[in-house]
Amino acid sequence: MPATPFELLGGRDRVRALVTAFYDRMEQDEPALAALHRRDAAGRVDPGSRDRFALFLTGWLGGPDDYVAQFGHPRLRMRHGRVRVDLAMRDAWLRSMTAALDQLAVTGEVRAYLDARFAEVADFMRNAPEAAPEE
Ligand code: HEM
């Protein structure tokens, strides 16, 4: 049986490390994006949000689907409805994820797969029309 992206990445601990690196980079380099998230008293992206994203990614990459068992279908676009996702936020999200994947030295086939899937789903999350070009 071919390995899942979850297995190729290295399992739960690696997914957790990716999520930690992702939000840490976001907090450091993308303050406007970090500010959209729930934060704890210290101003860090809320640990509950980090946990849910790690659970979601585990299932989404072909690992155990604990997110769906606990929270139901992700309905990602609906869950992002309270957030304005425009081109700038999409790109900020992707820069944070790219930096996290670089930091963990994820390369090869699984990296190519993840880059393509993340680019696709981040674009799908856009829910704000861009300003019309100046007349
Ligand atoms: C494209 C730009 C994106 C923006 C601006 C964005 C922003 C956010 C925000 C503000 C939250 C709420 C967290 C909170 O309330 O603390 C959230 C949650 C979440 N996002 Fe995104 N997101 C983006 C893309 C994505 C993508 C591409 C994925 C999946 C690959 C994703 C998966 C999730 C998940 C699973 C949650 C947690 C939902 C839950 O609470 O159960 N997001 N996102």
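A few remarks follow.
- Report note on the peptides 92-100, 112-120: ranked by the mean count of other C-beta atoms within 10 Å, highest first, their order is 92-100, 112-120.
- Rounded to the nearest 20 debye, dipole of the chain from Cβ charges on Lys, Arg, Asp, Glu: 500
- Here the spin labels are modelled as points 7 Å beyond Cα on the Cα-Cβ line, and at residue 112 and residue 128 they lie 3.5 nm apart.
- Whole-number accessible area per residue in Å² for the chain, which is evaluated in the context of all protein chains at 1.4 Å: 59
- For residue 125, solvent-accessible area (1.4 Å; no DNA, RNA or ligand), Å²: 20
- Where labels lie 7 Å past Cα in the beta-carbon direction, separation of residue 66 and residue 41 in nm: 2.6
- Close amide H contacts of residue 39 (hydrogens built in the peptide plane, cut-off under 5 Å, sequence separation of 5 or more or a different chain): 46.
- Fraction of accessible area attributable to carbon and sulfur, the chain (%, probe 1.4 Å): 54
- Using a Förster distance of 35 Å, the FRET efficiency for residue 73-residue 29 (Cβ separation, nearest 0.05): 0.65
- Ranked by how many other beta carbons lie within 10 Å on average, peptides 10-22, 33-45 from highest: 10-22, 33-45
- Of the residues 61, 106, 36, the one whose Cα sits farthest toward the positive end of the charge dipole of segment 7-124, with +1 on the Cβ of Lys and Arg and -1 on the Cβ of Asp and Glu, is 36.
- Evaluated at q = 0.08, 0.19, 0.21 Å⁻¹, the base-10 log of the normalised Debye intensity for the chain, with identical point scatterers placed on the Cα atoms, takes the values -0.22, -1.24, -1.50.
The values are calculated or read from the model by the stated rules, or taken from the named source; none is laboratory data. Keep in mind that this is a model prediction, so the values were computed, not measured. We place every Cβ from the backbone using ideal geometry, glycine too, and count neighbours over all the protein chains shown. We work out accessible area using only protein heavy atoms, side chains counted, and drop any ligands, DNA or RNA first. Shrake-Rupley method; radii C 1.70, N 1.55, O 1.52, S 1.80 Å.
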